[in-house]
1. Here are some residues: Asp572, Asp589. Which one is over 25 Å from Arg503 (Cβ atoms) and surrounded by 15 or more Cβ atoms within 10 Å (Cβ to Cβ)?
2. Filter the range 628-645 for residues that are surrounded by fewer than 23 Cβ atoms within 10 Å (Cβ to Cβ) and among the hydrophobic types (A, V, I, L, M, F, W, C) and give the result.
3. Condition first: surrounded by fewer than 15 Cβ atoms within 10 Å (Cβ to Cβ) and in a loop (DSSP other than H, G, I, E, B). Now tell me which residues in the range 36-67 satisfy that.
4. Which one of Leu663, Leu672, Leu658 is surrounded by fewer than 19 Cβ atoms within 10 Å (Cβ to Cβ), modelled with pLDDT of 90 or more and not polar (S, T, N, Q)?
5. Among the numbered conditions (1) in a loop (DSSP other than H, G, I, E, B); (2) of a type in the set (S, T, N, Q); (3) at pLDDT 95 or above, tell me where Thr508 comes up short.
6. Among the residues of the range 488-505, which ones are charged (D, E, K, R) and modelled with pLDDT under 95?
7. Applying the selection to the range 566-576, what residues are part of a helix (DSSP H, G or I) and over 16 Å from Thr607 (Cβ atoms)?
Amino acid sequence: MASVTETASRLTGPLGRQDQTLLLFARLMEGGQEDEETVRDLGGLTKLLHDDIEATKKGEPSITTVIDGDCVDTIVCYLDMRQPEIVRGHATLCTSAYLMAAGEDGNKKLAAFFHDRIRRGTYDDYIVAFCVAATIFPIVPDLTSEMFLSEGFLASLGPLMRRKWKSRKVETACLDMLNAACMHQHCREAVQKYCSEWLEEVVDQDPEDVAKSTYVADTDLHLKEGSILMRRHSQQVQNLAAVVLAKLRAVQPVRSPSDMSGPRIQPATTSVEDLSKMFTKMLLKNPEHSTQASIEGLAYASLQSKVKENLSKDIEFLKSLVKTLETAPPKSPLTYGALSILVNLTVYQPIQSEEERKMNQLKAYANAVGKLQADPLNDHEHVTERCKRVFEAGFTPVLVTHSKNGSVASLSLIISIIYAFSMTVTLRGQLAQQGAVRLLIAAWTALPETDAKTRRTAAQALARILISTNPAHVFGGTRPIPQSTAIRPLASIVAPDPDAETRDLLPTFESLVALTNLASTDDDTRHAIVRIAWPDVEEQLLSPNARVTTAAVELICNIVQSATEAYSLFCDGKPQTLNRLQVLVALADAEDAATRSAAGGALANLTGHDAVVRAIAARERGAAIMLGLCREDSEDLRHRGAFIVCNMVAAEGEAGKLAREKLRAADAVAVLTECAEKSRRAEVVEVTVQALKGLLEQT
C-alpha cells in the first residue's frame with residue numbers, strides 16, 4: 001500500500017500511536033526482513049493493538065482507523081503454513097489483538113479477505129485462506145463458522161481435493177481447516193454432510209501407490225502456484241483426513257433401533273475402530289512423522305468403548321504412548337492429546353442416584369427409545385481392568401514429571417487419571433511409591449480456587465491413597481513430604497460440595513477416614529487437624545449417613561489421644577464443650593454398632609477426666625448408656641463399655657461419688673457380672689472385674 005509507505009517515510013520526531021502503526025506496517029509490507037525483525041515488528045504491533053483498547057476508553061482515537069484491508073492482508077498472510085513457526089505464532093497473537101481492538105469492522109475486513117482469496121482460486125490463495133481460517137477458528141469461532149458455512153464453500157472443497165494433480169500444501173491447509181472446524185457443532189455437521197465422502201476416498205487410497213512429485217501441464221489444473229504437485233494424496237494428507245473422520249465418527253449420535261429413516265442400505269464407511277487401528281499403526285511404524293496426527297486421532301477415537309478396550313490391551317501401543325509422553329514438550333498439543341487418550345481409557349462412568357436413573361429412563365421412553373441400555377464395556381469392572389493395564393504400563397512416573405511443568409488444562413487431565421487409578425485399592429500403595437501423593441498435594445495447592453471441581457478430585461484421590469497406606473511410609477523416606485501438607489486438601493472435602501446438584505457423601509467419608517489414619521501418628525498432626533478441619537468434622541457427627549458419622553467419631557477417637565486436644569474439645573467445662581460431649585454420649589447409644597464402638601473408644605479415653613465423668617453421670621440415662629455397651633454381643637464393645645465404667649467408678653471426689661450412685665441405680669453390679677461371665681478375652685474380664693470391685697468396695 002503506497003500511502004502507508006509514503007506516509008511512514010515522511011515521519012520524523014516523536015511518533016504518535018497511529019504513526020507508529022503506519023511505520024510498522026510499512027516495514028512488514030516491504031518484505032525481505034529477517035525472521036527476527038518480522039517477529040519484532042509483529043510484537044510491536046500487537047502491543048499497540050492491546051494498548052489501543054484502553055486508550056479508546058479514555059477518548060483517544062483508535063489506531064484501527066488507519067488499518068485498511070491491505071494492512072489486514074499483510075498481517076494474516078503471516079499465518080501461512082509456509083512461514084516459520086515463530087512468525088506464525090506472533091502473527092496469531094497480532095491477529096487476535098487486531099480483532100479485539102477493531103471489533104465488527106475487523107470482522108468485516110477479515111471476512112472480505114477470506115472470500116476474496118477463495119474467489120481468486122489459485123493454489124497460493126487457497127493455502128493462505130485455509131491457513132487463516134484454521135488459525136482464527138479458536139479465536140473468533142462465530143465469525144469463522146459464518147465464513148466456513150457460507151453458501152457453496154464446503155461443496156467446492158470436494159472437486160478441489162479430487163483434482164487429478166494434487167498439491168500437498170493445499171490439501172494439508174484444507175484439512176487443517178476442517179480439523180479446526182470440527183470443534184464447532186454446526187460446522188462439524190456440515191463437514192459430515194459435504195466432505196465425509198471424499199475424506200473416505202482420501203483415507204482409503206493405497207499409501208504405497210503415491211507417485212513421485214511431478215510438475216506437468218494438465219487440463220484440470222489452470223494454476224499451479226505455491227506447492228509441489230502429486231498424482232496421489234500424500235501419507236501426511238491421508239493421516240490428517242483420518243483425524244477429521246475420527247472427529248466426525250466419534251461424536252456422532254447413536255441411532256436408535258426404531259429410527260428407520262434414511263436408506264435401508266447404508267454405504268460402507270470407515271469405522272472408528274478401523275481409524276483407531278490406522279492411528280495405532282502410524283504411531284508404532286512411523287512415529288517421527290505421524291505422532292501428532294496419530295495422537296490427535298486416537299484422542300477422539302478412544303471416546304468409543306470398543307476402542308478403549310482394544311487400546312488398553314495393546315501392550316505395544318501403551319509402551320509407545322509412554323515414550324511419546326516422556327519426550328513430548330510440556331504445554332504442547334501432543335502432551336494434551338496423549339493425556340486425553342489416558343483419560344478416555346481410565347474414566348469411570350458417573351454414579352447416578354436412583355432419581356437420576358429414573359429420569360433418564362423417562363426421557364428415553366419419551367423419545368420412543370425404550371429403556372436405556374448401559375454399555376457393558378463401560379461398566380465398573382471393565383474400567384477397573386483397563387485402569388490396571390494402563391497403570392502397569394508405567395505411566396505414573398511420567399505423569400508426575402509432566403505435572404511439574406504442565407499447563408492447568410494438562411494438570412486437570414493428570415489428576416483425572418490418578419483419580420481413576422486410585423479407585424483400585426491394590427494400586428494405591430504403588431501410586432504412593434511412585435510419587436502420586438506429592439503430585440496431588442502440589443496440584444491441589446497450585447490450582448486456582450476457582451477450579452473447585454478439579455481441586456476436589458485431587459483431594460479425593462489423595463484421600464483414597466492415604467486410606468490404604470501407612471503414613472510413616474508415605475511421608476518418610478529420603479525426601480520426606482511434610483505430613484501436615486496433606487491436611488488442607490483433605491479438610492477441603494470434609495464438607496459436601498455446595499455446588500453439586502446431588503449430595504455426594506463419598507468424598508466426605510473418604511477424607512474423614514484418611515484424616516483418621518493421619519491422626520494415629522502424633523500430637524502435632526492431631527493439633528493441625530483440629531486447627532484446620534474441626535468445624536466441618538464436628539458437623540459430620542450429626543450426618544444422616546451412618547458411615548459418615550462413624551468416620552467422624554473414629555477421627556475424634558484418634559484426636560483425643562492428644563491430652564491437649566481432649567481437654568480443649570471435651571473437658572474444659574464450657575457450655576459448648578459440654579454440648580459436644582453430650583452428642584458423643586448419645587452416639588454411644590446409636591443404632592449403628594460401628595458408631596457405638598467409635599464413640600465408646602473416644603469416651604474410654606475421655607473418662608480419665610473428672611469433668612467428663614461428672615457430665616456423663618449428670619445426664620439422664622448417661623450411666624445406662626455406658627452400661628449398655630457392657631451388654632453388647634461384641635467383645636470389643638464390651639471392652640470399651642467396661643473400661644468407661646471402670647474409669648467412672650475410679651473417679652475421685654464428687655464426680656466419682658455421683659457416678660457410682662448413678663451406676664448402682666442403673667443395676668451396674670448385675671450388668672458387670674453378666675459381662676464378666678460371657679467374656680472370653682482376659683483383658684475384658686480383667687477390666688470388668690476391676691470395675692465391679694471398685695463399685696462394690698467404694699461408697
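1. Values: Asp572 fails: surrounded by 15 or more Cβ atoms within 10 Å (Cβ to Cβ).
On inspection, the qualifying residue turns out to be Asp589.
2. So the first thing to find is which residues in the range 628-645 are surrounded by fewer than 23 Cβ atoms within 10 Å (Cβ to Cβ), and the list is 628, 631-637.
Passing the criteria: only Leu637.
3. The answer is Lys58, Gly59, Glu60, Pro61.
4. Details: Leu663 fails: surrounded by fewer than 19 Cβ atoms within 10 Å (Cβ to Cβ); Leu672 fails: surrounded by fewer than 19 Cβ atoms within 10 Å (Cβ to Cβ).
Among Leu663, Leu672, Leu658, only Leu658 is surrounded by fewer than 19 Cβ atoms within 10 Å (Cβ to Cβ), modelled with pLDDT of 90 or more and not polar (S, T, N, Q).
5. (1)
6. Going residue by residue through the range 488-505, those that are charged (D, E, K, R) are 488, 497, 499, 501, 503-504.
Matches in the range 488-505: Asp497, Asp499, Glu501, Arg503, Asp504.
7. Here is the first cut: in the range 566-576, the residues part of a helix (DSSP H, G or I) are 566-571, 575-576.
Selection gives Ser568, Pro575, Gln576.
Okay, residues lined up against (1) surrounded by fewer than 20 Cβ atoms within 10 Å (Cβ to Cβ); (2) charged (D, E, K, R); (3) in contact with a Gly (Cβ under 7 Å, 6 or more places away or on another chain):
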site	(1), (2), (3)
Val128	no, no, no
Ala134	no, no, no
Ile139	yes, no, no
Glu146	yes, yes, no
Arg168	yes, yes, no
Gln192	yes, no, no
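The values are calculated or read from the model by the stated rules, or taken from the named source; none is laboratory data. Keep in mind that what you see is a predicted model, and the values were worked out from it rather than measured. All Cβ positions, glycine included, derive from the backbone under ideal geometry; neighbour counts span all protein chains shown.
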